[in-house]
Amino acid sequence: MFFFPTSSPAKDSPSVFLSAFLGAVILAVCLAVCVVAVPLAGAETAARPKPADDGFVDLLNGKDLSGWVVEGVKEYKEGNESKPVWLVEDGKILCTGKGFGFLRYEKPYSDFIFRVEYSMSKGCNSGIGFRTVPFTGPAATRPSFASYEIQILDDAGKPPSKHGSGSLYRYLAPKTNPTKPAPEWNVLEIECRGPRIRIMLNGQVIHDIDQSTIPELKDKPLAGYFCLQNHGKRIYFRNIRVKQL
């Protein structure tokens, strides 16, 4: 607020012009500060966006296999040296494809959205198990028997089948086969809500089922573990994330 003299000086008095001039200058400065301050505040906000919390958790720390359990063949011989079948390389999980087995995440899940990307080697055969049990050796503890395995196969362009890429292995063929050939990256999403299972591969829905309505599947467990399969071929996995529902 600005205060001006209450007395009434002569019309042409210098004090009248001086007061008017000073008032105009102060008002102009205040307006300029306001005009500049508002864009700056907006720019600062835009420069520091808050990261969105989408509820997903990374299951791979990018450094080692903490939180994961190797099942089946753990090491192989190269000369006189023992080497791991599963390892982390450049922030990705690498299955060297020696022997047979699984890499299982240690925490079980029931209802969830699971996402993973994978890059196959030529002629690759692998898979991703979900809602499964620990593998102890017998076939009954493999995901495709105990629960579910999404088949990973380097069969781009081939018609869908119960044993082809994207199948619920041995049970259901996918609606389509959108698999990209090796070594391109494929993106898989598995969503489970009770008996409802919805699976997408490279942005296309390949399964959308209610297991309670399918005789072969109605008794499959509604909770269990995620696992990655070693079926004798090299394959990379990255961006392994899950959101518990």
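The values are calculated or read from the model by the stated rules, or taken from the named source; none is laboratory data. Computed from a predicted structure; not experimentally measured. With ideal geometry, Cβ positions are generated from the backbone for all residues, glycine too; neighbour counts draw on all protein chains shown.
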Number of the condition not met by residue 124 [criteria: (1) in contact with a Phe, Trp or Tyr (Cβ under 7 Å, 6 or more places away or on another chain); (2) crowded, with 18+ Cβ neighbours inside 10 Å]: (1)
The correct count of residues that are in contact with a Ser or Thr (Cβ under 9 Å, 6 or more places away or on another chain), part of a helix (DSSP H, G or I) and not hydroxyl-bearing (Ser, Thr, Tyr) in region 99-144 is 1
From the list 173, 182, 156, 146, exactly one residue is farther than 20 Å from residue 241 by Cα and touching a helix residue (DSSP H, G or I) at 6+ places or on another chain (Cβ under 7 Å). Which is it? 146
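Report yes if residue 157 is on the phi > 0 side of the Ramachandran plot and either assigned to a loop (DSSP other than H, G, I, E, B) or in contact (Cβ under 8 Å) with a residue 60 or more places away in the chain (or both), otherwise no.
Values: on the phi > 0 side of the Ramachandran plot: yes; either assigned to a loop (DSSP other than H, G, I, E, B) or in contact (Cβ under 8 Å) with a residue 60 or more places away in the chain (or both): yes.
When the stated conditions are applied, residue 157 passes them.
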Do you know which residues across region 79-101 are surrounded by fewer than 14 Cβ atoms within 10 Å (Cβ to Cβ) and among the polar types (S, T, N, Q)? 80, 82
Please work out which one of (1) of a type in the set (Ser, Thr, Tyr); (2) outside any strand (DSSP E or B); (3) touching a Phe, Trp or Tyr at 6+ places or on another chain (Cβ under 9 Å) is the condition residue 225 fails and give its number. (2)
Output yes when any residue across region 102-117 is loosely packed, with under 15 Cβ neighbours inside 10 Å and aromatic (Phe, Trp, Tyr), and no when none is. no
Considering only region 184-208, how many residues are in contact (Cβ under 8 Å) with a residue 12 or more places away in the chain, surrounded by 13 or more Cβ atoms within 10 Å (Cβ to Cβ) and within 16 Å of residue 112 (Cβ to Cβ)? 12
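Of all residues being farther than 30 Å from residue 90 by Cα and among the charged types (D, E, K, R) in region 209-245, which is surrounded by the fewest Cβ atoms within 10 Å (Cβ to Cβ)? Just the residue, please. Walk me through it before giving the result.
Start the filter on region 209-245 by keeping residues that are farther than 30 Å from residue 90 by Cα, which leaves 209-223, 245.
Okay, now just the ones that are also among the charged types (D, E, K, R), so 210, 216, 218-220.
Details: 210: 12, 216: 11, 218: 11, 219: 8, 220: 19.
The residue in question is 219.
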Can you pull out every residue in region 139-166 that is small (Gly, Ala, Ser) and either surrounded by fewer than 24 Cβ atoms within 10 Å (Cβ to Cβ) or at pLDDT below 95 (or both)? 139, 140, 144, 146, 147, 156, 157, 161, 164
